[in-house]
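In what follows, a structure is listed as structure tokens, so that the remarks can point back to it.
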Amino acid sequence: MPSTSDSEQEDHTRQSNSKLSRLIDEYDLEELGERIEDYWLDDTDDGYSLRELADYVNQQLLRTAMRDAGMNPLDGEVENTYRLLTDDDVSTGTRTQAHRRLERAGVDVDQLDADFVSRQAVHTYLTSVRGVTYPTDNSDPVTTEATNIRRLKRRMTTMTDGKLTHLQNADHITLGEFEILLDMRVLCEDCGNQYQVSDLLEQRGCECANLD
């Protein structure tokens, strides 16, 4: 059995080999580790996938860098700036503008980009450093996929909100206060019924099972 000092040395080695552990120290985000662990283990609609956690971590790095440079980001500004820097749908010109704006404010964008983490880095940190095991339940694939679909819907809503907010703030479109309504429905062409995806999964199917 390893001694206490051996265990402490192993913990230190795991942390030193983790990119996210290093960034948490460098950016002084000591509560971030516990927060993303809670988000990952949350099996409700509020839970985060590894991809969402990586985006969340990167947004916290960006927020810290902006504040350290003396910027005072408004609500939604960090999320939108992150989208402009990383989203594949953003044009090169728009990305360059966001890049230069941060540089003029004193943010080292190249270093920030190098610090951005992947979902694999988040997974390594959670499992190897924090010792977290995701409570998978393969016995009910319907429940698993229902959770995945809810999270996908939330991600689509967040992305759409960010894009519209950017267009609105840049005066490309006229839009007042708004909210995103994402209606995901399934039409069964055999029985002719329509269902919300969540309702279809909750009742485990359509009316075809009741047809003669």
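Read the figures in this text as sums done on the coordinates, not as results from a lab. Since this is a predicted model, take the numbers as computed values, not measurements. So basically every Cβ, Gly included, is an ideal-geometry build from the backbone, and we count neighbours across all protein chains shown.
Things worth noting here:
- Residue among ARG185, ARG63, ARG150 with the largest mean-square fluctuation in a Gaussian network model of the chain, springs linking Cα atoms under 10 Å: ARG185
- Listed residues LEU50, LEU112, LEU61, most fluctuating in the chain (Gaussian network, C-alpha, under 10 Å): LEU112
- The chain: calculated mean residue ellipticity at 222 nm from DSSP helix runs of at least 4, using -39500 (n - 2.57): -18000 deg cm²/dmol
- For segment 107-212, relative contact order (Cα pairs under 8 Å, six or more residues apart, normalised by length) works out to 17 percent.
- Each Cα pair under 8 Å and six or more residues apart adds its separation to the average, and for segment 51-123 the resulting relative contact order is 45 percent.
- For peptides 172-178, 29-35, 202-208, 120-126, sequence by mean Cβ density within 10 Å, most packed first: 120-126, 29-35, 202-208, 172-178
- Given their separation in residues at 0.36 nm each and the Cα-Cα distance between them, ASP68 and ASP43 gain 5.6 nm when the chain is fully extended.
- Size of charge dipole - the chain - debye, nearest 20, with Cβ of Lys, Arg +1 and Asp, Glu -1, no other charges: 700 debye
- Calculated FRET efficiency for the pair GLN120/LEU187, C-beta based, R₀ 35 Å, to 0.05: 0.40
- Remark: relative contact order (the chain) = 21 percent; criterion is Cα-Cα distance under 8 angstrom and separation of 6 or more residues.
- Choice from ILE180, ILE36, ILE24 with maximal GNM fluctuation in the chain (Cα, 10 Å cutoff): ILE180
- Per residue, the convex hull around the alpha carbon atoms of segment 46-90 comes to 84 Å³.
- The Kirkwood hydrodynamic radius of segment 115-212, based on inverse pair distances between different Cα atoms, is 17.5 Å.
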